[in-house]
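> Following this message is one structure expressed as structure tokens.
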Amino acid sequence: MQTNSEWKDYEIIASGDGMKLERWKNVHLLRPDPQVIWKSNIDLEKYPKLDAIYNRINGGGAWQYIKKVDNSWTVSWRNLSFLVQPMGFKHTGLFPEQSVNWAKMIDLINEKKRNCDEPIKILNLFAYTGGATVACTSAGAVVTHVDSAKNMVERAKTNMKLSNLDSRPVRYIVDDCKKFVMREIKRGNKYDAIIMDPPSYGRGPTGEVWKIEDNIYDLVSLCCEILSDKPLFFLINSYTTGLQPCVMKNILFRALDENNKKVNLGNIEAYEVGLPTDEKIDLPCGCSAFCKF
């Protein structure tokens, strides 16, 4: 498992009984987490600083506010800032564990910039609120940000502004990711790096159905066609239970190989991403496959 310990505005204080107690700057939230199947050492709901709990209700859920909490606030990682806002289905609009991948991408972009004056073009698919977009742009890359949800794309623009990056050249696209990639193939556009964080299941803006086990390989293969001749990296991240890191590594390797992109299997990392906790354990949060060319 890979974790990042650079967060000052975020921490997991305790976990157990299907819940995790988090500090988001000065706000303390208790949220469900399917990976937390161990017992808690404390009564999480009686934590004295607790501000809100997300309760499961009939297959859905809702936030229960114990104290008055602002509708939204900001947290920072390194010199970057992000909007946090409790939303439906327990989300806050940010996945702190992805800082593992942000750090990798920033390092690779900085390294390439030292040896190349050409702009580094990155395609971020299923880009959500733009954590990876902000990170890559901060390092000097030119990012195309694609997501089917207009409100999430608007949120990404907010995160860019909060990080003082809103004047940088980012292209925001509200579209079905597969359809966008197919159009890019026809247009002959190329990217030096590709990021994707596909959902387990979803629908595009005009009702297109996405099911990860049925669609992920074809999308990765299509993306190989828009990689530049000297690509930098390819990242797949997933929160789908049962989709193991090695499976994503195999998908990435096979798709690259079949599209004549020379890559050694050893160049592809496959790993869990997680978060360190104050309990001195690491909480698994998802999986990544990362190819460094």
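The values are calculated or read from the model by the stated rules, or taken from the named source; none is laboratory data. Here the structure is a predicted model, which is why all the values come from computation and not from measurement. Positions of Cβ are backbone-derived with ideal geometry, glycine not excepted, and every protein chain shown enters the neighbour counts.
> Go through segment 47-74 and give me each residue that's at pLDDT 95 or above, over 15 Å from M87 (Cβ atoms) and part of a strand (DSSP E or B).
Matches in segment 47-74: T74 only.
> Here's something else I'd like to know. Would you mind listing the strands (runs of 3 or more DSSP E) fully within segment 100-213 where at least 1 residues are more than 23 Å from K261 (Cα to Cα)?
142-147, 170-174, 201-203, 209-211
> Another one. Please state which one of I212, I226 is touching a Phe, Trp or Tyr at 6+ places or on another chain (Cβ under 6 Å) and assigned by TED's automatic domain parsing to the domain that holds V263.
None of the others qualify; the one that does is I226.
> Here is a follow-up. Could you list, in sequence order, all residues of segment 2-43 that are among the aliphatic types (A, V, I, L, M) and either part of a strand (DSSP E or B) or farther than 14 Å from Y54 by Cβ (or both)?
I12, I13, A14, M19, L21, V27, L29, L30, I37, I42
> Would you mention how many residues in segment 13-30 are touching a residue at least 60 places away in the same chain (Cβ under 8 Å) and not aromatic (F, W, Y)?
Number of matching residues: 5.
> Just checking, which of A141, A52, A62 is without any contact (Cβ under 8 Å) to a residue 60 or more places away in the chain, in contact with a strand residue (DSSP E or B) (Cβ under 9 Å, 6 or more places away or on another chain) and assigned by TED's automatic domain parsing to the domain that holds K157?
A141
> Right, next: Among the residues in segment 114-123, are any in contact with a strand residue (DSSP E or B) (Cβ under 8 Å, 6 or more places away or on another chain) and not hydrophobic (A, V, I, L, M, F, W, C)?
yes
> Got at least one residue in segment 175-185 being farther than 22 Å from T137 by Cβ and touching a strand residue (DSSP E or B) at 6+ places or on another chain (Cβ under 9 Å)?
yes
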